[in-house]
Amino acid sequence: MSKTNIEKIEGIQVQIQQLENQRKQLIQRQKSDERKARTKRLIERGAILESLIDGVGTLTNEQVKSFLIKTVQSDYARKILDGVASQDSASTAPKPAGTDAATVGKGATAAQ
């Protein structure tokens with residue numbers, strides 16, 4: 001026996017509801033993945049900061065913020081950041097002497 005138009009409409013409405021629920025689940029999953037990626041990025045960058053600056057663990061958040069603002073807003077830092085941002089992610093920039101991770105923040109100074 002064939003379905004009536006009313007039965008067909010009801011079946012389609014059920015499919016629409018199922019698809020809407022799938023859509024909501026996918027949106028939730030995407031938002032969750034974005035939050036996880038952001039959290040991971042923040043943790044990694046915080047770890048990088050702590051590894052490069054001696055004694056940063058003893059500073060308050062406001063002191064770290066003040067240091068970063070003053071450091072990043074210098075003309076020299078802006079030029080470096082602009083250059084890093086414009087580079088292709090696959091390439092690596094040559095590092096100025098005394099700025100590698102092994103020497104920055106460890107009290108080492110460039111050859112004078």
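The values are calculated or read from the model by the stated rules, or taken from the named source; none is laboratory data. All figures in this text were calculated on a predicted structure; none of them were measured in a lab. Because the Cβ atoms are built from the backbone with ideal geometry, glycine has one as well, and the counts that use them run over all protein chains shown.
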Q: Could you tell me which numbered condition SER51 fails, if it satisfies all but one of (1) exposed (fewer than 11 other Cβ atoms within 10 Å of the Cβ); (2) hydroxyl-bearing (Ser, Thr, Tyr); (3) in contact with a Gly (Cβ under 9 Å, 6 or more places away or on another chain)?
A: (1)
Q: Identify the residue in the range 26-70 that is among the β-branched types (Val, Ile, Thr) and outside any helix (DSSP H, G or I) and, among all such residues, is modelled with the lowest pLDDT.
A: ILE53
Q: Look at SER2 and say whether it is more than 30 Å from ILE69 (Cβ to Cβ) and either of a type in the set (Val, Ile, Thr) or loosely packed, with under 10 Cβ neighbours inside 10 Å (or both).
A: yes
